[in-house]
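A short worksheet on the structure shown next.
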Amino acid sequence: MNGQTVAILENRLGAQIVELIAKRGGKPLHAPALSEIPDLDPAFIAKLVGEWEAAPVKAVIFQTGVGTRALFKATDELGLSDKLLTLLAASTVIVRGPKPTGALNSRGVRIDLVAGDPYTTTEVIAQLTTLPLKGERVVVQRYGGKNIELEAWLQVQGARVLEIPVYRWAMPADTAPLGALLAALSRHEVAAVVFTSASQVHNLFDYAKAQGLSSTLAGNLNASKVASIGPVCTVALKQFGVQPQIEAHPPKLGPLINALDAALTP
């Protein structure tokens with residue numbers, strides 16, 4: 001990457017991406033645009049499991065690996081994991097991609113339907129169309145925000161949606177790195193910007209708006225090479241007038257870094 005500056009907005013895996021960029025000769029500029037705040041209420045989980053026993057659930061949708069692991073950690077602490085496994089065995093289990101698949105495999109959960117590549121809500125819904133859902137209860141393991149598209153589709157099918165919130169997304173407590181990133185972008189000192197979630201896009205533009213800098217942000221990003229982890233992230237960027245030059249195929253970290261390296265290396 002020839003010493004070029006690469007901005008990284010990822011938080012949880014940020015240190016890993018920083019290391020990968022540095023190993024390939026880039027100069028990482030780490031400016032987390034997102035934080036994950038635990039939002040799992042043990043009393044809610046206990047109540048949900050009790051209600052689940054009383055009224056069967058047709059389908060359970062797992063959307064993220066971190067959320068799936070957090071759910072089982074909570075049921076472990078409550079002594080309810082065996083009961084949860086029994087309930088899952090009697091339901092149709094749907095996963096959004098490889099990360100929740102891995103988390104469920106570690107618990108021996110049978111997986112019935114798997115969303116295809118690139119693991120977006122569109123692929124989840126395509127799997128759900130095989131199920132009769134009218135009047136049925138469907139549990140959705142929520143990620144950092146509501147999946148409005150999925151919930152609306154389920155409601156149109158006549159399903160009753162029960163959400164399991166396990167964490168929520170927020171602005172990082174320390175926004176100084178974001179300020180430094182906006183300044184560097186305005187000086188055209190950033191060769192590439194790496195986005196690994198749609199929420200990072202929204203938070204970055206929200207922060208820029210609060211600083212009175214939103215009108216120039218899209219142009220400054222487009223002056224660099226914008227790298228997107230996948231189609232959901234790309235859609236969010238385009239909504240703000242940003243055209244990614246790099247998109248990972250498949251939407252995973254390894255292919256993203258490889259594509260970025262190729263784009264920055266003569």
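The values are calculated or read from the model by the stated rules, or taken from the named source; none is laboratory data. Remember, predicted model here, so these are calculated numbers, not experimental data. Note that each Cβ is placed from the backbone with ideal geometry, even for glycine, and that neighbours are counted across all protein chains shown.
Tabulated data
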item	result
Segment 9-47 - residue that is β-branched (Val, Ile, Thr), assigned by TED's automatic domain parsing to the domain that holds Glu189 and surrounded by 18 or more Cβ atoms within 10 Å (Cβ to Cβ) and, of those, nearest to the chain's Cα centre (by Cα)	Ile17
Tally of residues being closer than 20 Å to Gly97 by Cβ and without any contact (Cβ under 8 Å) to a residue 60 or more places away in the chain across segment 253-266	4
Residue count for segment 112-129, restricted to those that are part of a loop (DSSP other than H, G, I, E, B) and either surrounded by fewer than 17 Cβ atoms within 10 Å (Cβ to Cβ) or acidic (Asp, Glu) (or both)	4
Answer from Val57, Val109, Val93 - the residue that is touching a Ser or Thr at 6+ places or on another chain (Cβ under 6 Å), surrounded by 17 or more Cβ atoms within 10 Å (Cβ to Cβ) and outside any helix (DSSP H, G or I)	Val57
Test: residue in segment 185-193 that is within 18 Å of Thr5 (Cβ to Cβ), among the β-branched types (Val, Ile, Thr) and either touching a Ser or Thr at 6+ places or on another chain (Cβ under 7 Å) or assigned to a helix (DSSP H, G or I) (or both)	yes
Selection within segment 97-106 - exposed (fewer than 14 other Cβ atoms within 10 Å of the Cβ) and part of a loop (DSSP other than H, G, I, E, B)	Ser106
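Table: residues versus (1) surrounded by fewer than 16 Cβ atoms within 10 Å (Cβ to Cβ); (2) touching an Asp or Glu at 6+ places or on another chain (Cβ under 7 Å); (3) within 30 Å of Ala31 (Cα to Cα); (4) assigned by TED's automatic domain parsing to the domain that holds Pro100.
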| residue | (1), (2), (3), (4) |
| --- | --- |
| Val139 | no, no, no, yes |
| Arg142 | no, yes, yes, yes |
| Gly145 | yes, no, yes, yes |
| Gln157 | no, no, no, yes |
| Ser199 | no, no, yes, no |
| Ser228 | no, yes, yes, no |
